[in-house]
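**Student:** Please read through the structure below; I'll follow up with questions.
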Amino acid sequence: MSEIKWLLDKTLEELDITRNALAVDAKVRPATIQDMVNGLPKRVEFKTLLAILDSLNGMKTKRGITRDIEISDIFIYKK
């Protein structure tokens, strides 16, 4: 069966960013970030994903990360 595998927790760990710091910077509810980290969301708005990606890409440079953070750093589709 197909599934969505959530990788946000690994990305946050790699970037040394707390869930709360991401929620504040992206202006999304902390519970939304928590659900993504725990693999629990039933749906996610594109607006929310864009806000998270924009925040992660903005915060990465302060941590010396040069690669772009992409949607696959938040979740992937697995067959």
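**Student:** For Phe75, list long-range residues whose amide hydrogen, built 1.01 Å from N in the peptide plane, is under 5 Å from its own amide hydrogen.
**Tutor:** HN-HN under 5 Å from Phe75: Leu7.
**Student:** Another question, then. Okay, helix-only estimate at 222 nm for the chain: each DSSP H run of n ≥ 4 adds -39500 (n - 2.57), divide by all residues, round to 500 deg cm²/dmol; what do you get?
**Tutor:** Taking each H run of at least 4 residues, the total per residue is -15000 deg cm²/dmol.
**Student:** Which of the GluC sites (Glu not before Pro) found in the chain are loop residues per DSSP with 11 or fewer other Cβ atoms within 10 Å of their Cβ?
**Tutor:** Sparse-neighbourhood loop GluC sites (Glu not before Pro): Glu45, Glu70.
**Student:** Let me ask something else. About the Cα centre of the range 3-78, what is the dipole size in debye to 20, counting +1 per Lys and Arg Cβ and -1 per Asp and Glu Cβ, all else neutral?
**Tutor:** Charge dipole, the range 3-78, about its Cα centre: 160 debye, nearest 20.
**Student:** Using only the alpha carbons of the range 1-64, what is the convex hull's orientation-averaged projected area in square nanometres? Spell out each step's value before the answer.
**Tutor:** Values: hull surface 17.8 nm².
Orientation-averaged projected area of the Cα hull: 4.4 nm².
**Student:** Here's a follow-up. In nm, to one decimal, how far is the modelled label at Thr18 from the one at Phe46, with both set 7 Å along Cα→Cβ?
**Tutor:** A separation of 3.3 nm, rounded to one decimal place.
**Student:** Only Cα pairs under 8 Å and at least 6 apart count here; give the relative contact order of the chain as a rounded whole percent.
**Tutor:** Over the chain, the number comes to 51 percent.
**Student:** Here's another thing I want to ask about it. GNM on the chain, C-alpha springs below 10 Å: top fluctuator among Ile33, Ile17, Ile52?
**Tutor:** Top of the fluctuation ranking is Ile17.
Every number here is computed from the coordinates shown, using simple stated rules; none is lab data. Note that the coordinates shown come from a computational prediction; the quantities given were computed from them, not determined experimentally. With ideal geometry, Cβ positions are generated from the backbone for all residues, glycine too; neighbour counts draw on all protein chains shown.
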